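One structure is given here, and the rest of the page talks about it.
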Amino acid sequence: MLERLDVLMAWCRMKFKPKKSCSLSVRKDKIDATTIFTAASQQIPMVSQEPVKSLGRWYNSSMKDTKRGLETVELATEGLLAINRCGLQGKLKVWCLQFMLIPKLLWPLLVYEICSTTVEAIDAKINKFTRR
């Protein structure tokens with residue numbers, strides 16, 4: 001089948017760039033790291049070697065979103081500290097929070113499956129910040 005792909009690519013005068021592609025082999029609900037895919041006599045990198053970003057979502061070999069939840073908590077903490085360090089008045093800090101940080105936090109919450117306890121922890125940090 002790969003020979004047909006090479007013939008088809010030659011027929012339509014297109015070049016296949018294996019380094020811009022990524023492969024993932026799953027057998028019996030487990031990731032198989034032994035299967036290696038090649039195209040144009042070059043090895044296609046696996047997801048375990050290089051994470052892939054597609055439509056704003058990062059994919060890695062674990063295929064779990066727990067790490068992304070922790071990254072979102074870190075992003076919220078760093079953003080709150082940065083807003084707190086700036087020399088603005090209180091209402092301007094709340095404006096920065098509402099129109100800059102919260103929209104930045106919403107995208108990972110929409111794209112990844114982050115558990116509700118993590119979201120509640122982020123909410124508690126924001127509430128602690130705004131009640132000062």
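The values are calculated or read from the model by the stated rules, or taken from the named source; none is laboratory data. From a predicted model like this one, the values you see are computed outputs, not experimental measurements. Neighbour counts are summed over all protein chains in view; Cβ atoms, including those assigned to glycine, are modelled from backbone coordinates with ideal geometry.
Go through segment 58-116 and count every residue that is of a type outside the set (Val, Ile, Thr), surrounded by fewer than 15 Cβ atoms within 10 Å (Cβ to Cβ) and farther than 30 Å from residue 24 by Cβ.
Going through segment 58-116 one residue at a time, the tally reaches 17.
Exactly one of (1) more than 23 Å from residue 127 (Cβ to Cβ); (2) over 25 Å from the mean Cα position of the chain (by Cα) is unmet by residue 27. Its number?
(2)
Output the number of residues of segment 7-42 satisfying the condition of being in contact (Cβ under 8 Å) with a residue 24 or more places away in the chain, surrounded by 14 or more Cβ atoms within 10 Å (Cβ to Cβ) and on the phi < 0 side of the Ramachandran plot.
Number of matching residues: 8.
If you go through segment 72-110, how many residues are closer than 15 Å to residue 130 by Cβ and of a type outside the set (A, V, I, L, M, F, W, C)?
Final tally of qualifying residues: 8.
Matching residues to (1) more than 19 Å from residue 33 (Cβ to Cβ); (2) touching a His at 6+ places or on another chain (Cβ under 9 Å); (3) of a type in the set (Phe, Trp, Tyr):
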{"position": "51", "(1), (2), (3)": "no, no, no"}
{"position": "59", "(1), (2), (3)": "no, no, yes"}
{"position": "64", "(1), (2), (3)": "no, no, no"}
{"position": "74", "(1), (2), (3)": "yes, no, no"}
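Enumerate the helices (runs of 4 or more DSSP H) found wholly within segment 40-132, keeping only those where 2 or more residues are at pLDDT 90 or above and touching a Gly at 6+ places or on another chain (Cβ under 9 Å).
Qualifying helices (runs of 4 or more DSSP H): 102-111, 116-130.
Within the bounds of segment 12-34, is there any residue that is of a type in the set (Phe, Trp, Tyr), over 17 Å from residue 108 (Cβ atoms) and in a helix (DSSP H, G or I)? Talk me through it step by step, then tell me what you get.
If we filter segment 12-34 for residues that are of a type in the set (Phe, Trp, Tyr), which is where we start, we get 16.
Filter once more, keeping what is over 17 Å from residue 108 (Cβ atoms): 16.
This time we only want the ones that are in a helix (DSSP H, G or I), so: none.
Looking through segment 12-34, none of the residues is of a type in the set (Phe, Trp, Tyr), over 17 Å from residue 108 (Cβ atoms) and in a helix (DSSP H, G or I).
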